[in-house]
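Derivation of every value follows stated rules applied to the coordinates shown; laboratory data play no part. What you are looking at is a predicted structure, and each value in this text was computed from that prediction instead of being measured. Quick reminder, even Gly has a Cβ in these numbers, built from the backbone with ideal geometry, and neighbours come from all protein chains shown.
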Amino acid sequence: MNNFNNILETINMIERDKLDIRTITMGISLLDCCDTNGEIARQKIYKKITTLAKDLVKVGEDIEEKYGIPIINKRISVTPIAMIAQACDDEDYVAFAQTLDAAAKAVGVNFIGGFSALVQKGYTKGDKILIESIPRALAVTDRVCSSVNVGSTKAGINMDAVRDLGRIIKETAALTKDHESIGCAKLVVFANAVDDNPFMAGAFHGVTEAECVIHVGISGPGVVKVALEKVKGQPFDVVAETIKKTAFKITRVGQLVANEASEKLGVPFGIIDLSLAPTPAVGDSVARILEEIGLEVCGCHGTTAALAMLNDAVKKGGVMASSHVGGLSGAFVPVSEDEGMIAAVKMGALTIDKLEAMTCVCSVGLDMIAVPGDTPASTISAIIADEAAIGVINNKTTGVRIIPVVGKSLGDEAEFGGLLGTGPIMKVNPFSSEAFIARGGRIPAPIHSFKN
Amino acid sequence: MNAYVSVMGMDKKGIIKAVATVLSDNGVNILDINQTIVRGCFTMVMFVDLSDLTTDLAGLKANLAIPADAMNLRIKVQHDAIFSAMHTV
């Protein structure tokens, strides 16, 4: 019999501190589904997804039952559709999104990611068609998630794509205006996007990945916060050590679940994404961890340093607990999905500018940020450019998931529902970036010497 | 398969009897028991062998839910691997 206190600790982590496995994501390659006939390509895609993922939800539920730990999401990521669809002559890829949506519904997963294009160095024919299809694709489907990679450390930043995506985000918001412009919550613009991210909305199955793999995304901000409550006032060495130990424990459970899912589905294990992913529920917030470290409110001076330490300690603890680590791995800061961040924004403590600084040291970017519906497309493009620059220069992944909520302005809130939460409308800089964005072209890749 | 049955709630007479009866009725062998009461709060962890289980895991949990509801307890059944994974390197 295991140590009595260890058993109680595990049970408390799950019952009281909301420890869960955030997602089991099956990555499926669609490279063999290309066809010159779009209809036939879509039939191949539907058949492949519904065959490989037919038991995904059932296996996830069986593991929940066996270990008594919730597995919140079962999801699918696929090869970026722009690569698959451009073999055909279709001039619109909305039908591909509808096929993904139908396949997701048939197997019972709540999101499918990969309505994506990788355009960091330039557009192919299919990339352009896919990006133009995004607003309608996200408006007519329920479960499809989209992402576009616009920059990388090796390629620089595609400023044509940055310009176009500002407009695409505005169009997506307009087409889903009856539902708080929620289409934009399913669209991420990345720099240095990773091939094996299991988290939505930015998941896709990279072309260097195997035929079919299982990735697991862990969670557990509540567990880290409770662990830190026991070391109040102690130096940062102790704080970092406590976070590492906690991350280790959380990740070990993720590895257990990943091994089991991989074995039961007969699909190789891919990676564990070591992420602290918050939810809008009280006690499941990354912001509250930062406050537990000693900040009065998330967003005040010191937040960037606290987040940097948290992010690093989570990785250090998690790496040893897992055989393969990947994905985004770190602390997420999605504003509308984090109860503490929502509160901090409402108090005026947390602004877009501070969030931008935070994204320099954490695993993602400006995530689930609701802004006024009348924000110009060029301002949104400029926000994307700033984030992409942070990612490209610092050799890390950054992303922007921003929602210009039609009809809402400062002081309002957008209610996205479920895990997407509630987004207080945040202030954007009122001065224009129009001429900057109108230039287009490509920002060259950065030099990797003379680092200062 | 070995598992842990954890029982938590306010202390009262007959908890162990009620839980052990359900386990016995479902073919579960109890290998070890650890139990404590802190400020009236009853906590028990049983290490059990499920190899002769006469129902499935969901069925056992449903049967344990009957005394849990009647006596206002929280009863969980979890495979032992989750505890070993978390607490041993």
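Over what distance in Å are the Cα centres of the stretch B:1-76 and the stretch A:327-364 separated? First find each Cα centre; the distance between them is then 42 Å.
Tell me, rounded to the nearest percent, the portion of alpha carbon pairs in chain B spaced more than 18 Å apart.
Of all Cα-Cα distances in chain B, 40 percent exceed 18 Å.
Residue farthest toward the positive end of the dipole of chain A, with Cβ of Lys/Arg at +1 and Asp/Glu at -1: which of A:140, A:397, A:51? Positive-most Cα among the choices belongs to A:397. If the chain linking residue A:1 and residue A:64 were pulled fully straight, counting 0.36 nm for each residue of separation and taking away their Cα-Cα distance, it would gain 20.5 nm. Site pair residue A:40 and residue A:300 shows an inter-label distance of 6.5 nm when each label is modelled 7 Å from Cα along Cα→Cβ. The trypsin sites (Lys or Arg not before Pro) of the stretch A:1-96 meeting both criteria, a DSSP state outside H, G, I, E and B (loop) and at most 16 other C-beta atoms within 10 angstrom of the site's C-beta, are A:16, A:54. For residue B:29 and residue B:41, the difference between the fully extended length at 0.36 nm per residue and the C-alpha to C-alpha distance is 1.8 nm.
Checking the Cα-Cα distances for A:54/A:225; A:105/A:245; A:244/A:396; A:48/A:396; A:316/B:61; A:54/A:186 against a 28 Å cut-off, the pairs over it are A:54/A:225; A:105/A:245; A:48/A:396; A:316/B:61. When the stretch A:218-273 is described by a simple charge dipole with +1 on each Lys and Arg Cβ and -1 on each Asp and Glu Cβ, the residue from A:259, A:236, A:271 located farthest towards its positive end is A:236. Its relative contact order, with pairs defined as Cα atoms under 8 Å and 6+ residues apart, puts chain A at 18 percent.
Under a model in which nothing but the beta-carbon of Lys, Arg (+1) and Asp, Glu (-1) is charged, the protein assembly as shown shows a dipole of about 600 debye around its Cα centre. Calculated [222 nm] ellipticity per residue, helices only, for the protein assembly as shown: -13500 deg cm²/dmol; basis is -39500 (n - 2.57) per DSSP H run with n ≥ 4, divided by all residues, nearest 500. Across the stretch B:2-87, the relative contact order, built from alpha-carbon pairs under 8 Å that are at least six residues apart, equals 44 percent. With Rh defined as the Kirkwood radius, the inverse of the mean 1/r over Cα pairs, the Rg/Rh of chain A is 0.95.
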